[in-house]
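The values are calculated or read from the model by the stated rules, or taken from the named source; none is laboratory data. Model, not experiment: these values are computed from the prediction. Cβ placement follows ideal geometry from the backbone for every residue including glycine, while neighbour counts extend to all protein chains displayed. Each accessible area value is taken on the protein alone, full model and side chains, heavy atoms only, with ligands, DNA and RNA left out. Shrake-Rupley method; radii C 1.70, N 1.55, O 1.52, S 1.80 Å.
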Amino acid sequence: MMTIAERVLDGDRLALARLLTLIENEDPQGLDSLGALYPHTGRAHLVGVTGAPGTGKSTLVNQIVKLLREPPAGVESHAPRVAVIAVDPSSPFSGGAILGDRIRMRDLAGDEGIFIRSMASRGALGGVSRATSGVAAALDAAGYDLVMIETVGAGQAEVDIASTAHTTIVIDAPGLGDVIQANKAGILEIADILVVNKADLSGAENTIRTLEMALSMAQNDRKHANAGTAAGPVWTIPVLGTVATTGEGVVSVVDAIRTHKDYLTSSGHWSLRERSRIQAQILTLLDQRLRTRFLGRLSDGRFSHAVTRVVERECSPDQAVKDLLEEMDP
Ligand SMILES: Nc1nc2c(ncn2[C@@H]2O[C@H](COP(=O)(O)OP(=O)(O)OP(=O)(O)O)[C@@H](O)[C@H]2O)c(=O)[nH]1
Ligand SMILES: [Mg+2]
């Protein structure tokens with residue numbers, strides 16, 4: 001009998017779906033299978049798509065996938081296999097309903113080169129990114145060239161996605177009080193590609209201009225900070241206007257995704273990002289496992305006693321941790 005990992009490598013979509021569920025649940029069988037698949041990972045381009053609720057992320061991802069799978073006539077190109085992970089989609093869906101446009105979806109639904117998956121975050125800090133990295137790795141091993149990860153931008157989630165993906169697309173739309181919010185969330189720092197969607201609405205030009213100005217100021221600061229360091233290829237963050245509902249401007253986004261990948265490879269940033277991505281994953285796992293192991297070794301009530309001491313101001317949190325560690329490992 002074939003193992004689940006072998007079946008995934010063999011292109012079995014049902015086995016893949018099952019494996020993703022096991023990984024999401026952090027089931028030991030899923031984690032073992034992922035271990036078996038790991039040597040087959042490292043090829044996929046992971047593209048994060050984030051932005052405020054309702055900015056048009058799903059609609060745009062739909063258009064990007066469609067364009068990648070059906071290159072316009074005359075364009076000589078080998079269509080990449082594409083997977084989509086939707087983290088915490090605002091409405092529950094089965095199969096392809098997330099992509100909204102049902103007619104278009106029916107076209108895509110029979111396409112073996114597309115795999116769509118939604119997953120719910122569990123609220124636990126780091127939980128989303130941990131499971132998302134695993135799910136993305138499984139899709140990578142299954143042979144998807146491009147894995148798009150849609151997350152709603154709400155503080156930590158978008159920062160998480162930037163450390164999970166190779167390329168981060170931040171979507172903005174006119175009339176959100178955008179730049180101020182964007183700055184607050186550190187969005188300009190995580191974006192490799194900025195998209196102003198809903199370019200059909202009034203105010204879009206203004207949003208694009210404001211973002212371009214904020215970017216050029218940030219890039220000037222960076223230039224000063226980097227003055228004197230070795231010159232290499234430099235990435236200039238593009239600001240692209242789109243109308244996701246009609247597909248206008250989406251070609252430029254697809255181009256930017258490809259160009260950014262080329263930039264990452266030629267500048268050496270691809271391997272740097274891989275390294276820091278993997279380092280972050282290992283550290284997160286270490287944090288989690290060491291803490292679980294430590295708490296498991298404490299005698300009953302010891303942890304809760306430490307909390308009580310701090311609550312009653314008998315000691316500081318720092319002192320409480322020192323005492324716990326000292327007790328365990330004098
Ligand atoms: N006018 C206009 N409406 C758009 C455009 N793109 C998307 N919409 C509409 O905006 C609404 C939200 O689109 P979604 O694609 O679901 O947005 P989202 O960012 O995925 O939303 P959440 O996942 O809920 O955060 C839908 O009603 C879309 O039809 C656009 O370019 N112009
Ligand atoms: Mg969505």
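So that you can scan it fast, the table gives a plain yes or no per residue for (1) assigned to a loop (DSSP other than H, G, I, E, B); (2) at pLDDT below 95; (3) within 16 Å of ligand 2 (Cβ to nearest atom); (4) crowded, with 16+ Cβ neighbours inside 10 Å:
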| residue | (1), (2), (3), (4) |
| --- | --- |
| 221 | no, yes, no, no |
| 270 | no, yes, no, yes |
| 283 | no, yes, no, no |
| 293 | no, yes, no, no |
| 320 | no, no, no, yes |
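Against the list (1) more than 24 Å from residue 166 (Cβ to Cβ); (2) modelled with pLDDT of 95 or more, the condition residue 325 fails is (2).
Of all the numbered requirements in (1) at pLDDT 90 or above; (2) within 16 Å of ligand 1 (Cβ to nearest atom); (3) in a helix (DSSP H, G or I), residue 209 misses one, and that requirement is (2). Take the conditions open to solvent by less than 10 Å² (accessible area, probe 1.4 Å), modelled with pLDDT under 75 and within 16 Å of ligand 2 (Cβ to nearest atom) and apply them to residue 171. Does it pass? For residue 171, the condition - open to solvent by less than 10 Å² (accessible area, probe 1.4 Å), modelled with pLDDT under 75 and within 16 Å of ligand 2 (Cβ to nearest atom) - is not met.
Within region 238-263, the residues that satisfy the criterion of being within 19 Å of residue 216 (Cα to Cα) and within 18 Å of the chain's Cα centre (by Cα) are 256, 260. Scanning region 235-251 turns up no residue that is out of contact with any helix residue (DSSP H, G or I) (no Cβ under 6 Å at 6 or more places or on another chain), surrounded by 11 or more Cβ atoms within 10 Å (Cβ to Cβ) and without any contact (Cβ under 8 Å) to a residue 40 or more places away in the chain.
The set of residues in region 303-317 that are under 38 Å from the mean Cα position of the chain (by Cα) and open to solvent by less than 90 Å² (accessible area, probe 1.4 Å) comprises 304, 306, 307, 310, 316, 317. Note on region 42-58: residues that are within 13 Å of residue 253 (Cα to Cα) and near ligand 2 (Cβ under 8 Å from one of its atoms) total 1.
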